[in-house]
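Readers should treat all values here as calculations from the given coordinates under stated rules, not as data from a laboratory. It should be emphasised that the depicted structure is a prediction, and the values quoted were computed from it without experimental measurement. Heads up, the Cβs are rebuilt from the backbone with ideal geometry, glycines too, and the neighbour counts pull from every protein chain shown.
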Amino acid sequence: MKKKSVFKYVRLLFNCRRKPYILFRNLLGFYPLDIELYQLAMLNKSNFAKDKEGHLINNERLEFLGDAVLETVVTDILYHRFPRKKEGFLTILRSRIVQRKTLNRLGMQIGLNRLAKSAGFSKPFNIYGNTLEALIGAVYLDRGYEYAYKFVSAILKKHVNIGKISNEESNYKVKLQEWAQKNKMHFRYELSEDDDSKSIQFVAELYIEDILAGVGTALSKKEAQQLAAEVAWRKLSPNNPLMKEIKEKKSQLQAEQEQKEALLLNENDN
C-alpha cells in the first residue's frame, strides 16, 4: 500500500467520528478517505467559495469527471443486464437514466438537498443532478471505479425501475409519425455532425410545422432521430406551450398556402 493511502486510512481512523465523515458515511455507505473531495463536490459555482490562496473553487471539474464515470457505470450495468439487446436499445435506455431530470430527482432522493451548498443563484432543484455527478467524480478519485460502480448501482436499484423503463415502447419515431398523420401535421428531421465530439456523433433536429420540437445526439443517424422523436413526443400534451406554438404555426402556414392558391387561381382566370 502506498504511503499516501496509508496516511488517508490513518487520518480516517482519527476523524471517522467527526460530523462531516458521519454525514458522508450515511450518504455513501462507506467512509470517505479524502473528505475534501466530497466537500468540494457539494460546492455549486454560485456559492463563490475560495481556497486558501483566494482562488474561486467549485464542483464543475468533479462534475465533468463524474458525468463520464456515471455514463460508463450505467453502460456497464445495462450491457450485462440486457445481453441480447442491440446498441440502439441500450443507448436510448441509458439516455433515459442519465437525463438531467432523472439525475435532479435522484439527487433529491438521496439527500443532496441537505448537503449541497448554493447561494441561491440557481433554482435549488436544478443543481442536484450536477452535484450528484460531482459526488460520483469524488468517489471515483477517492476510492476508484469499484466503489463508484457500487454507489451508482445502489442508487439505481433503490430509486430507478430499469425493468419498467426498458418495457416502455421505445420506437418514438413510429409513434410520432402516427400522431402526425392523425393530426395532419407535417414534420421533418435535419441531420448534422457534432464537430466538438471526440468521436463522430450525429445531431438530429426534429421540426413539426417548422417549429423545433426535439434534438437528439447519438453515434448513428437512426439513434439520433429516435432520441429527437422521444424528446418531442414527451412535449405533445395539449397544455404544453410547444403544442400551442405548433398549432399557431400550422394555422399561419395554412393561411399562407390558401393565399397563394387564391392568387394563382386569379392569375389563371385572367
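A few remarks follow.
- Ranked by the mean number of other Cβ atoms within 10 Å of their residues, highest first, the peptides 183-193, 201-211 fall in the order 201-211, 183-193.
- Kirkwood estimate for region 126-186, i.e. one over the average of 1/r between Cα atoms, Å: 14.8
- With a threshold of 23 Å on the Cα-Cα distance, the over-threshold entries among Lys101/Lys247; Lys85/Lys175; Lys45/Lys158; Lys182/Lys250 are Lys101/Lys247; Lys45/Lys158.
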